[in-house]
Amino acid sequence: MGRSLTPATRIGLSIALATGLYGVSFGALSVAAGLDLWQTMALSLLMFTGGSQFAFVGVLAGGGAGAAAFGAASLLGVRNAVYAVQINRLLHPRGWARLLAAQVTIDESAATAAGQTEPAEQRRGFWVAGLGVFVCWNLFTLVGALLGDVIGDPRRWGLDGAAVAAFIGLLWPRLRGGEPVAIAVVCALATALAMPWLPAGVPILVAAAVAAAWGALLARRNVASEARA
């Protein structure tokens, strides 16, 4: 028992429960956006990345087209590919474990693994958090979808702001230094300016393009500085 409850295991379990409970919001919002129970569950089982799922149903709820919803969801899901590179380097999964690891590589599992120093704890933290979130997220998504009509309008309970709060919570620790803050402010301004003129879901793509352009300019400047040195 003592060995199974290592620090990584405890962290993974706590993250799994906290994140899973958040799935109630997604289930309710998805049903409110017009998706049925099976469509909602398919998103959680197959897409399985909260930010992308909320973006997808948010665009649909705002009247956006399916293409815009898919684009916004895909854009937010790109970060998981970056996590996958790190997880592959840390854990070196093989065979069927590699496929399973790809499915459960998300913010929480990657952060839990990266926060450990010993290889065994990295593996344990990744799998406990990843599989735990997967089970809890889908379970509570089902609860939220089934209780959607009972809950009523998600805005009455503040569930429409849950995704925004989660994004801010993920973003806030990364806003260290003037440059990250400046990028966040410029992207937020670009989004606000684009919202009245573009379909739902497209403003976030505009913000991403602005951030990408900023990053490209910084990379070019760094290369030029190294060349002069």
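Can you give the three extents of the C-alpha atoms in region 53-109 along their principal axes, from longest to shortest, in whole Å?
So the three principal-axis extents are 42, 18, 17 Å.
Please compute the net charge surrounding T112, taking Lys and Arg as +1 and Asp and Glu as -1 over other residues with Cβ under 11 Å from its Cβ.
Values: positive: R10, R123, R124; negative: D107, E108, E121.
Summing Lys/Arg as +1 and Asp/Glu as -1 gives 0.
In what order, largest first, do S52, S14 sit by accessible area if the probe radius is 1.4 Å? Walk me through the numbers before you get to the answer.
Details: S52 0, S14 65 Å².
So the residues, ranked largest to smallest area, are S14, S52.
Working with all protein chains in place, sort F126, F134 by solvent-accessible area computed with a 1.4 Å probe, largest first. Don't skip to the end; give the middle numbers.
On the way: F126 0, F134 55 Å².
Result of the area sort, largest leading: F134, F126.
With a 1.4 Å probe and every protein chain left in place, work out the accessible area per residue of region 11-79 in Å², rounded to a whole number.
On the way: 2820 Å² over 69 residues.
With the other protein chains kept in place, region 11-79 gives 41 Å² per residue.
Could you compute how much accessible surface E108 exposes when probed at 1.4 Å, giving the result in Å² to the nearest 10?
40 Å²
Taking the simple approach of a point 7 Å from Cα along Cα-to-Cβ for both A212 and V78, what is their distance in nm?
Taking the two extended label points, one gets 0.4 nm.
Give me the accessible area of M195, 1.4 Å probe, in Å² rounded to the nearest 10.
120 Å²
Using 13 Å as the cut-off for backbone N distance, which residues of region 93-109 belong to the label zone defined by a point 7 Å from the Cα of A18 along Cα→Cβ?
Only 108-109 fall inside the zone, counting backbone N under 13 Å.
For the full complex of protein chains and a 1.4 angstrom probe, list I183, I11, I87 by accessible area with the highest value first. Please report the intermediate quantities before stating the final value.
Working: I183 40, I11 70, I87 5 Å².
So the residues, ranked largest to smallest area, are I11, I183, I87.
Enter the accessible area of L193 (Å², nearest 10), with the probe set to 1.4 Å and all protein chains included.
Surface open to solvent at L193 totals about 110 Å².
Test of the criteria: in region 93-141, which trypsin sites (Lys or Arg not before Pro) are in a DSSP loop and have at most 15 other Cβ atoms within 10 angstrom of their Cβ? Don't jump to the answer; show the numbers that get you there.
Working: sites: R94, R98, R123, R124; in loops: R94.
Listed in order of number, the matching sites are R94.
Over region 1-72, consider all pairs of different Cα atoms and compute the Kirkwood hydrodynamic radius from their mean reciprocal separation; express it in Å, one decimal.
About 13.5 Å for region 1-72.
The values are calculated or read from the model by the stated rules, or taken from the named source; none is laboratory data. Predicted model, so just to flag it, every value in this text is computed and none were measured. Positions of Cβ are generated from backbone atoms using ideal geometry, with glycine treated the same way; all protein chains shown enter the neighbour counts. Protein only, heavy atoms only, side chains kept; ligands, DNA and RNA dropped before computing areas. Shrake-Rupley method; radii C 1.70, N 1.55, O 1.52, S 1.80 Å.
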